[in-house]
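Just so you know, all these numbers are worked out from the coordinates, no wet-lab data involved. Note that the structure is predicted; figures quoted are calculated from it, not measured. With ideal geometry, Cβ positions are generated from the backbone for all residues, glycine too; neighbour counts draw on all protein chains shown.
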Amino acid sequence: MIESTRRAAGRVGILAGLILLLGAPARAQSTASLQGTVLDAQGAAVPGATVTARHSATGSERTTLTDTHGYYQIASLPVGLFRVQVAAPGFQTQVASDLRLEVAKTVVQNFQLKLGGVTEETTVVAEAPVIESTTISVGQVISQRTVQEIPLNGRHFVDLGLLIPGSVAPQQNGFLTAPLRGQGSFAFNTAGNREDTVNFMINGINLNDMVQNQITFQPSINTVSEFKVDNQSLSAEYGRNSGAVVNIATRSGSNEFHGEAFEFYRKENLDARNFFNAASQKQTPFKHNQFGANLGGHIVKNKTFFFAT
């Protein structure tokens, strides 16, 4: 009877989670920031210039004005590709297209306007800086393409943390993070820190157990857009944990409908023989299937979106 009640409660929890996922606004994501300066051809500041950032996938826009020093900043932007437009009276409009903003990062995009009519438009190439000059944090972003396409045993996003320089898998007899059958590891060691010092955050909300400091659940990798691991010199907004901070941004619907159905399949004849499975013996049988599907799109174009998995 108790087991039946647990199963029923689990089904209710899954259904409630799906309803919340369908109703979640597209802005509920770990965010990025955009900043820079707007100058004229002689290098003087252009105050009062209008800077508009448009999200390519959803069509949402954010607008701000440059200050007296020509400086602008737009915070709390969703991750993805942006079209950034700068307009000022007496100058040609300038556009930086396909500017990629990544989770928990600040991107600098400077502009130098030329004299001309507002109706004239020039395009500049948006390039990601080689050196991170806006924060003191040391870390790396795992992109959406890597998250969605790299083959993972068990399809657990935490295993992608091992791609970060300085990260290693926790030992099998780890204090809190010994891998469980079918669930993968619950953490990783990075920059010399213990695995139970890592702080996992999804869309800005803490995922850690407040008692043992384990990750409480692993979101489906199909819901993860990208994530960033900061493992040294953390910024001031992080202070709960002494180890690395993992910022996860979830996927969102867009103005176009996209979906997929998949199966990940493993069998003993596709795997290498275990070291302890002698060649004279029949290979140990193994069969593993993972099925799934997801769909994202718009409910109201440019305004309301959904993503279900």
Within straight cross-link reach of Lys287, meaning Cα distance under 21 Å, which lysines are found once same-chain residues fewer than 8 apart are removed?
Lys267
Gly204 long-range amide H proximity, modeled H, under 5 Å
Ser30, Ile248
Amide H to amide H under 5 Å from Thr134: which residues, 5+ apart in sequence or cross-chain, H placed 1.01 Å off N in plane?
none
Taking the simple approach of a point 7 Å from Cα along Cα-to-Cβ for both Asn294 and Ile150, what is their distance in nm?
1.6 nm
Lys and Arg at +1, Asp and Glu at -1: neighbours of Phe91 with Cβ under 14 Å from its Cβ sum to -2
Modelled FRET efficiency - R0 41 Å, Ala75 with Phe264, Cβ distances, 0.05 increments:
0.60
Using 18 Å as the cut-off for backbone N distance, which residues of the range 87-104 belong to the label zone defined by a point 7 Å from the Cα of Val124 along Cα→Cβ?
87-101
Karplus ³J(HN,Hα) for the range 96-109 (6.51 cos²θ - 1.76 cosθ + 1.60, θ = phi - 60°; Hz, whole; x = Gly/Pro) runs 10, 9, 6, 8, 8, 10, 10, 4, 6, 10, 10, 9, 9, 10
At a Förster distance of 45 Å, what's the computed FRET efficiency of Asn277 paired with Lys303, Cβ-Cβ distance as r, to 0.05?
0.20
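What net charge is computed for the residues neighbouring Gln218, neighbours being all others with C-beta under 12 Å from the C-beta of Gln218, Lys and Arg scored +1, Asp and Glu -1? Intermediate results must be reported in sequence, preceding the final value.
Values: positive: Arg155; negative: Asp159.
Local charge sum for Gln218: 0.
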